[in-house]
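Below is one structure, written out as structure tokens; the observations come after it.
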């Protein structure tokens, strides 16, 4: 089994496949709007919007960890783990640990003050995994979002 490595543009079809697999797992099969073209454009070039780690089993990408930097008014530069995905057939084989290890090492290398991410409250295996790794699962916080339609509605109401 290989160690995690930085993804290449050529890995993006496999990354997108795992994103769709995650959407099915999270009971949101139609929620993925990002395209292969988006991933290739946004992840590569002069000003990449994200960094992605992949891990392969038998020359097939079976796991990803996609991260990007943010800025905290309390901490300074932080790293956001958008998704850590391991294909269903490869769960329980230490791939998630290896990917999280790569993310934490990367965060340390770039000097972030915190690494943060979200986890669904019903995903107890993931919560348990993260807690065993020393993460603080902050159950008293709620995620707040405006989707594209809500952004448009918001702007209509302030004009």
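Tabulated results
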read-out: Condition check for residue 85: under 16 Å from residue 15 (Cα atoms) and at pLDDT 95 or above; value: yes
read-out: Selection status of residue 137, more than 30 Å from residue 44 (Cα to Cα), in a loop (DSSP other than H, G, I, E, B) and within 17 Å of the chain's Cα centre (by Cα); value: yes
read-out: Top-ranked residue of segment 68-85 - restricted to ones that are in contact with a helix residue (DSSP H, G or I) (Cβ under 9 Å, 6 or more places away or on another chain) and in contact (Cβ under 8 Å) with a residue 40 or more places away in the chain, ranked as surrounded by the most Cβ atoms within 10 Å (Cβ to Cβ); value: 85
read-out: Unique residue being at positive phi and outside any strand (DSSP E or B) when the list is 96, 92; value: 92
read-out: Any chance residue 105 is in contact (Cβ under 8 Å) with a residue 24 or more places away in the chain and either farther than 24 Å from residue 13 by Cα or out of contact with any strand residue (DSSP E or B) (no Cβ under 6 Å at 6 or more places or on another chain) (or both); value: no
read-out: Failed item in (1) assigned to a helix (DSSP H, G or I); (2) surrounded by fewer than 17 Cβ atoms within 10 Å (Cβ to Cβ); (3) in contact (Cβ under 8 Å) with a residue 12 or more places away in the chain, with residue 113 passing the rest; value: (1)
read-out: Within segment 6-36, considering residues that are touching a strand residue (DSSP E or B) at 6+ places or on another chain (Cβ under 6 Å) and more than 21 Å from residue 120 (Cβ to Cβ), the one surrounded by the most Cβ atoms within 10 Å (Cβ to Cβ); value: 7
read-out: Any hit, segment 48-65, residues being part of a helix (DSSP H, G or I) and in contact with a strand residue (DSSP E or B) (Cβ under 6 Å, 6 or more places away or on another chain); value: no
read-out: Single unsatisfied condition, residue 39 versus (1) in contact with a strand residue (DSSP E or B) (Cβ under 6 Å, 6 or more places away or on another chain); (2) crowded, with 19+ Cβ neighbours inside 10 Å; (3) closer than 23 Å to residue 145 by Cα; value: (1)
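The values are calculated or read from the model by the stated rules, or taken from the named source; none is laboratory data. Values in this document were obtained by computation on a predicted structure and should not be read as measured data. Using ideal geometry, Cβ is built from the backbone for each residue, glycine included, and neighbour counts are taken over all protein chains shown.
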